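*Asks:* Quick one: the structure is below, and I'll ask about it shortly.
Nothing in this text is a laboratory measurement; each read-out follows from the coordinates by a stated rule. Just so it is clear, the model here is predicted, and its values are computed rather than measured. In this analysis, Cβ positions are derived from the backbone assuming ideal geometry, glycine residues included, and neighbour counts consider all displayed protein chains.
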């Protein structure tokens, strides 16, 4: 992607309707460094987004990217069709599927099993959670147990 342009792309489920899984937005200058070097205005930066099989998550790479904290890439995850809210009963925190749904946020693996909620993860609608992408890492839509 070009560092000085808005790049938006979507990942869809493989169903016939092309149901949205996630929409990503890389605003101009959202990538500051790659391979330890500053990224120029007109540079092209290679970024991968890989959905995680069997989970509501994705991997952003490569790991050497540094995102602009003031203008990070963003993601919106839609879970209305395929999100399994029946797992609410695996924790005493959530009395109903609606309680579990309201608690969902986007998390990323900071390092070796240490997870951190994205700094501005929030519901955009009843079944869409959006957030900045703070780091190239594994990201999951999840709620505390």
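*Asks:* Could you check, for the stretch 99-121, whether at least one of its residues is surrounded by 18 or more Cβ atoms within 10 Å (Cβ to Cβ) and either under 15 Å from residue 11 (Cα atoms) or touching a helix residue (DSSP H, G or I) at 6+ places or on another chain (Cβ under 8 Å) (or both)?
*Replies:* Within the stretch 99-121, one or more residues are surrounded by 18 or more Cβ atoms within 10 Å (Cβ to Cβ) and either under 15 Å from residue 11 (Cα atoms) or touching a helix residue (DSSP H, G or I) at 6+ places or on another chain (Cβ under 8 Å) (or both).
*Asks:* Another question, then. Are any residues in the stretch 81-98 surrounded by fewer than 13 Cβ atoms within 10 Å (Cβ to Cβ) and touching a residue at least 40 places away in the same chain (Cβ under 8 Å), and if so, which ones?
*Replies:* Residues satisfying the conditions are 81, 82, 90, 93.
*Asks:* Restrict the check to the stretch 54-67 and report whether at least one residue is exposed (fewer than 13 other Cβ atoms within 10 Å of the Cβ) and touching a helix residue (DSSP H, G or I) at 6+ places or on another chain (Cβ under 8 Å).
*Replies:* no
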